[in-house]
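Student: Shown below is the structure under consideration.
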Amino acid sequence: MAQPARAPAAYPGQQPCSNGPVQNQLMHSPDGQGYSPSAAGSYPHQAPGKVPPHQSLGQYNYSGSQNVPQLNNYQGPGQTLNRPPVAPFSGSPVQQTGPVPQALPALQNSAAGSPAGSFPPGANPAVLSNWQHSQAPVSQPVGSQTSHLAHMTGTGSAQPLLSLPGNTNPPGSYQYAASSGGPPLQNSYMKPGSAPPPVTQPLTPLQPPPRPPLGPPPVGGPPLIRPSTLTAGPPNTQALLNSAAVREGDATSAASDGSVVQNSYDAIEGGGLMATPHPSPAPPNLKMNRSVGYSYPALPPGYQNTSPPGAPGMQTSALQYPDGSKHLQQPALGTNHLTASMGSLSLQQEGLKPVNLLQERNILPTTLLKAPVPNLHEEIQKLNCNPELFRCTLTNIPQTQALLNKAKLPLGLLLHPFKDLSQLPVVTSSTIVRCRSCRTYINPFVSFLDQRRWKCNLCYRVNDVPEEFMYNPVTRVYGEPHKRPEVQNATIEFMAPSEYMLRPPQPPVYLFVFDVSHNAIETGYLNTVCQTLLDNLDLLPGNTRTKIGFITFDSTIHFYSLQEGLSQPQMLIVSDIEDVFIPMPENLLVNLNENKELIQDLLRSLPQMFTKSLETQSALGPALQAAFKLMSPTGGRISVFQTQLPSVGMGALKSREEPNQRATAKDIHLTPSTDFYKKLALDCSGQQVAVDLFLLSGQYSDLASLGCISRYSAGSVYYYQSYHHKHNPVQVEKLQKELKRYLTRKIGFEAVMRIRCTKGLSIHTFHGNFFVRSTDLLSLPNVNPDAGYAVQMSVEESLTDMQVVSFQSALLYTSSKGERRIRVHTMCLPVVTTLSDVYLGADVQAITGLLANMAVDRSVSATLSDARDALVNAVIDSLSAYRSSVLSIQQPGLMAPHSLRLFPLYVLALLKQKAFQTGTSTRLDERIFTMCQVKNQPLVYLMLMTHPSLYRVDNLTDEGALNINDRTIPQPPVLQLSVEKLSRDGAYLMDAGSVMFLWIGKNCGQSFISQVLGVPNYGSIPQNMTHLPELETAESARTTAFISWLREQRPFFPILYIIKDESPLKASFLQNMIEDRTESALSYYEFLLHIQQQVNK
């Protein structure tokens, strides 16, 4: 069961995170100070400029060879450091010092699954850790990766997606201060006199009402799914992450000569991992996976709030925190302010009751599933972080790695750190109180030993309370530090003082890059984009410093001078795409407020300027190089619109899609065909530039390669398949709505994020769009409120004597108003010692979301079939462990703990999702885009895409309805995704996240057809109907209110398709019926039989 190797990062030539003209002044400054905030706005423009040989009015042509250095000269040997002892490894110790020996069968044909150039010079693919626990020293390259989708072989025992992570913190990097006085931490959550063992109480999960048992199995028995006896796969399935190294950046910033450079943001945000005061070797077994990220819980039906300014249609989520009257009373000084009795909670037998999945046919709750509530005392839980922002796959944390391994469930966190919030406490203070050792921000779960000392809940160091912190500005009382907002709110934002700045806060800078080739003009997208920009120009986040610029390209690159004094914008053409330079750099990015009329003129004229163009070539790579050079001095956001495969200049691509082999065993085209876009993205990241890609294409455009430009620069990818303003008009509305949200939503610039956890736990793999710098600092040139992230974790040291553990994420960013801010989320969870308690606290949606992230990585690094096998085996492994280790009486059937009753259903839904389904119906770009969404969407949206919600809507009533802003929102029950739940007498709405289907039965009631659809009868329903008319009827009001409410809860715009039995879209509707057999996947019942067969082996 050897895990594959982590390859070293391929690009040692990044610039450090600091940027701009004053790049390295703070490198060695211990306190991170050195800038005067009064210097804001002083950005000498450093883009290389050239003087044209002659100037004529209106248009310049530049050509000929230029001497601008290439953007992608990444040189320097790969750096390899010996690392301290790593994760468990079976067999004799192995030191990797060169190429992998041929004698290792696991890595024998590793090159087969990875593109050429996966290992740069000096790279040492390392041998992976095994599933069993035994120590052996291993040396690994810096920034290398281990598979987080370990491949197990053998009969019947499944291959887990879970890897056994190793030690993530260097030995000796912790500093602890002995507690002087005060109770020991392990008793601080309990009432005096009560001393039960560490908490093992269950949650109170949702228990669906009893329903009739399942009928007989389908005739003919289930066909065999890819046998999960899972004999050893092809040789290259073992080398899972060889090619992944090319996808992932290195974990340290390095100078162009290959030497490692200290990262300046590290000094500012505070040391990573538990803050070593001196440079230490890179932590072992650190898996850097970024691609596209994850988060969050199902939105509760009561999700209701007003829209934030500038974000129409997007509802925010209120964080409900107790007000001053409900704050915890500090008992006597010297005891922990979180004193509470956790031992008094009674066990909920319902949570422990096993469910026989083969008999319990109707296990899907009729309301949307909510996140489980951690088993903490209510006084502590009410201070905990909202699960929409921060969520763990296990709400009961196993005390040891051995216990976690036994449960066969993944341990990880899902975050939505920059989510729009309607209630966010903001603290402006000259002192931000943090632990002196691990740099944790003070939070509700620290212990106050007395008025003057507090104990960190992550590393247990005792810290002094600063004098300023003794005064509570909310209550205006001195001497109650435990009642300050920082200690009463798990989510809080600090206004950061100057020591949290590497340079003056950057201005908001927006650069738009448009494809204007013949193919692009034909789609008509430019009209929509320019008009939407015109409409929302005043709503772009920013202030008086906001800058904006435009570049267009076909086979040449066109810049637009917007210099003050010009009567109209001036186009400057650069035809030398092999050596791009910036003409007149000072007039291409201009102040939005001072040049608004010229900008508006340009947006009005752009769509007409290229209507007669016959230029079919696309020089996307050179256009991006030009955009990067233009943006480098300041940082900011590049929005690029592309409609075809780039065909000339750097980054040109060739078609790799073969329609008949879209889902064959060798799905090598999930990997990029060039590293040009990744290298450019890493350059962008180093200069605080993020790139967002809008792909509007009917043909294959190699999103696997193009997507890298956004993935590693912390950007986003938008995909509008077959976009055309006449042939596909519904896409026009979708683009308009989503672009408006994109342009007006809040944005954070030059951001970094770090996630910390209690001593004993370690983070080893990251998922999302970002670049990892200095081992655990995520570089986010832009951060947006619609992005999610995920991390995988391990229990590195036994959590004995701990009742609870904590997790904290800190996001340091510059707001569009030029303020430096820090948003902090802290979550507290109990520690348990028994397997039954681990299962009791399992969060099935979070587990599914994390496994989906891991499966995307497995698909790319190995094969799609490997990822599918691993998903199936995650179910088999966990249910086998539950059956053999928890159930005292072996019962026939397929038994699952109540918390995991939906696990097989959700995994089957993943197997039928476009990212992982087999068959040739899914286009390659569509599959890649879905994988991008898996890696970058908060959990709530990911779950909706994976397992859609089905409602009957022809009989909506006001019973149980929500009342939001004088609107009545019906709440119909959620139905199972099976045709047997459909009636020809009804109408059913399927909400699949990014698309909605309203299916009308042939015998649907006449009143619904006339009063909601506005047509006389079933036969009159148009074939391509995508909008409901606004009719003055109660039925119409209820239906449109419900659909509008669903749409408002997400940042993308789902198209509504109204379909009949004979509609061509009926196939798509039925494809989402997860519980029925589809083109290439089993029905739910057949899948359960297959799982049972494997579990009972």
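Student: On alpha-carbon atoms, Rg over Rh for the stretch 537-655 using Kirkwood Rh? List each step's numbers first, then the result.
Tutor: On the way: Rg = 14.6 Å, Rh = 15.2 Å.
Ratio of gyration radius to Kirkwood radius for the stretch 537-655: 0.96.
Student: First obtain the Kirkwood hydrodynamic radius of the stretch 897-987 from its Cα pairs, then insert it into the Stokes-Einstein equation at 4 °C and 1.567 mPa s, and state the resulting D in µm² per second as a whole number.
Tutor: Taking Rh from Cα pairs, D becomes 81 µm²/s.
Student: List the pairs from 740/1060; 382/455; 817/935; 596/817; 981/1066; 981/1060 whose alpha-carbon separation is above 26 Å, in the order I gave them.
Tutor: From 740/1060; 382/455; 817/935; 596/817; 981/1066; 981/1060, over 26 Å: 740/1060; 817/935.
Student: Now, a different point. Would you mind computing, in nm to one decimal, how far apart the modelled labels at residue 647 and residue 426 are, each placed 7 Å from Cα along Cα→Cβ?
Tutor: Spacing of the two 7 Å Cα→Cβ label points: 5.0 nm.
Student: Still on this structure: Between residue 608 and residue 555, what's the calculated FRET efficiency when r is the beta-carbon distance and R0 is 22 Å? Round to 0.05.
Tutor: 0.65
Student: Could you list which residues have their amide H under 5 Å from that of residue 773, counting only those 5 or more apart in sequence or on another chain, with H placed in the peptide plane?
Tutor: For residue 773, whose amide H was placed from the backbone, the distant partners under 5 Å are 778, 779.
Student: Same structure again: Equivalent-ellipsoid semi-axes (√(5λ), Cα gyration tensor) for the stretch 873-948, whole Å, largest first?
Tutor: 31, 13, 9
Student: In the stretch 465-532, carbon and sulfur make up what percent of the accessible area (probe 1.4 Å)?
Tutor: Accessible surface attributable to carbon and sulfur in the stretch 465-532 totals 53 percent.
Student: If Rh is defined by the Kirkwood formula over all Cα pairs and Rg also comes from Cα, what ratio Rg/Rh do you get for the stretch 1011-1068? It would help to have the intermediate numbers written out before the result.
Tutor: Working: Rg = 12.6 Å, Rh = 12.7 Å.
That ratio equals 0.99.
Student: To the nearest 10 Å², what's residue 470's accessible area with a 1.4 Å probe?
Tutor: So the heavy atoms of residue 470 present about 0 Å² to solvent.
Student: Ok, one more. Could you calculate, for the stretch 826-912, the ratio of the Cα radius of gyration to the Kirkwood radius, expressed as Rg to Rh?
Tutor: Rounded to two decimals, Rg/Rh equals 1.01.
Student: In the P(r) worked out for the stretch 795-847, what percent of Cα pairs fall beyond 12 Å?
Tutor: 76 percent
Student: Under 19 Å from a point 7 Å along the Cα-to-Cβ line of residue 498: which residues of the stretch 429-473 have their amide N that close?
Tutor: From the stretch 429-473, the list is 429-432.
Student: Provide, for q = 0.09, 0.10, 0.12, 0.15 Å⁻¹, the log10 of I(q)/I(0) from a solvent-free Debye sum over equal Cα point scatterers in the stretch 959-1097.
Tutor: Relative scattering, expressed as log10 I(q)/I(0), comes to -0.33, -0.40, -0.56, -0.82.
Student: Right, next: What net charge do the residues around residue 843 carry, taking every other residue with its C-beta under 15 Å from that of residue 843, with Lys and Arg at +1 and Asp and Glu at -1? Intermediate results must be reported in sequence, preceding the final value.
Tutor: Working: positive: 370, 391, 901; negative: 388, 837.
Around residue 843, the surrounding residues sum to +1.
Student: For the stretch 947-988, how big is the tail of P(r) above 15 Å, as a whole percent of Cα pairs?
Tutor: Details: 408 of 861 pairs.
When every Cα pair of the stretch 947-988 is considered, 47 percent fall beyond 15 Å.
Student: Taking θ as phi - 60°, what are the ³J(HN,Hα) couplings along the stretch 495-509 by the Karplus curve (6.51, -1.76, 1.60), each to the nearest whole Hz, with x for Gly and Pro?
Tutor: Ordered by residue, 3J(HN,Hα) equals 7, 7, x, 5, 5, 8, 10, 8, 7, x, x, 6, x, x, 10 Hz.
Student: Within the set of other residues whose C-beta is less than 13 Å from the C-beta of residue 1077, count the net charge using Lys and Arg as +1 and Asp and Glu as -1.
Tutor: Local net charge: -4.
Student: For the stretch 390-463, what are Rg and Dmax over the alpha carbons, in angstrom?
Tutor: Here Rg and the maximum Cα pair distance are 16.5, 48 Å.
Student: Mean 1/r over all different Cα pairs, inverted: what Kirkwood radius does the stretch 457-596 give, in Å? List each step's numbers first, then the result.
Tutor: Details: mean 1/r = 0.0496 Å⁻¹.
Hydrodynamic radius (Kirkwood, Cα pairs) of the stretch 457-596 is 20.2 Å.
Student: Going by Cα centres, the stretch 544-575 and the stretch 756-829 are how many Å apart?
Tutor: 39 Å
Student: Measuring with a 1.4 Å probe in the full set of protein chains, what accessible area per residue, in whole Å², belongs to the stretch 1030-1097?
Tutor: The answer is 39 Å² per residue.
Student: Given a 1.4 angstrom probe, I'd like the percentage of the accessible area of the stretch 959-1063 that is carbon and sulfur, rounded to a whole number. Please report the intermediate quantities before stating the final value.
Tutor: On the way: 2000 of 4300 Å².
After summing per-atom areas, the C and S share lands at 47 percent.
Student: If you don't mind, there's one more thing I want to ask. Treating the Cα atoms of the stretch 601-658 as identical point scatterers in vacuum, please give the log10 of the normalised Debye intensity I(q)/I(0) at q = 0.16, 0.28 Å⁻¹, two decimals.
Tutor: For the stretch 601-658 at q = 0.16, 0.28 Å⁻¹, log10 I(q)/I(0) is -0.71, -1.14.
Student: Still on this structure: Remind me, what semi-axes does the stretch 488-560 give for its equivalent ellipsoid, largest first in whole Å, using sqrt of 5 times each Cα gyration tensor eigenvalue?
Tutor: Equivalent ellipsoid of the stretch 488-560: 36, 16, 12 Å, largest first.
Student: Find out how many positive minus negative residues lie around residue 1015, taking Lys and Arg as positive, Asp and Glu as negative, among other residues whose Cβ is under 15 Å from that of residue 1015. The partial results should precede the final answer.
Tutor: Values: positive: 1002, 1060; negative: 954, 1030, 1035.
Around residue 1015, the charge tally is -1.
Student: How large a share of the accessible area of the stretch 535-584, in percent, is made up of carbon and sulfur atoms when the probe is 1.4 Å and the other protein chains stay in place? Numbers along the way, then the final one.
Tutor: Numbers: 740 of 1640 Å².
The computed percentage sits at 45.
Student: In nm, to one decimal, how far is the modelled label at residue 736 from the one at residue 798, with both set 7 Å along Cα→Cβ?
Tutor: 6.5 nm
Student: Would you please give the residues with an amide H less than 5 Å from that of residue 390, counting only those at least 5 places away or on a separate chain, with H modeled from the backbone geometry?
Tutor: Sorted by chain and number, the residues that satisfy this are 416.
Student: Tabulate in residue order the Karplus-calculated ³J(HN,Hα) for the stretch 369-376, using 6.51 cos²θ - 1.76 cosθ + 1.60 with θ = phi - 60°, rounded to whole Hz; enter x for Gly and Pro.
Tutor: 5, 9, 5, x, 8, x, 7, 10
The values are calculated or read from the model by the stated rules, or taken from the named source; none is laboratory data. None of these values were measured; they are calculated from a predicted model. Quick reminder, even Gly has a Cβ in these numbers, built from the backbone with ideal geometry, and neighbours come from all protein chains shown. All accessible areas refer to the heavy atoms of the entire protein, side chains included, with ligands and DNA or RNA removed. Shrake-Rupley method; radii C 1.70, N 1.55, O 1.52, S 1.80 Å.
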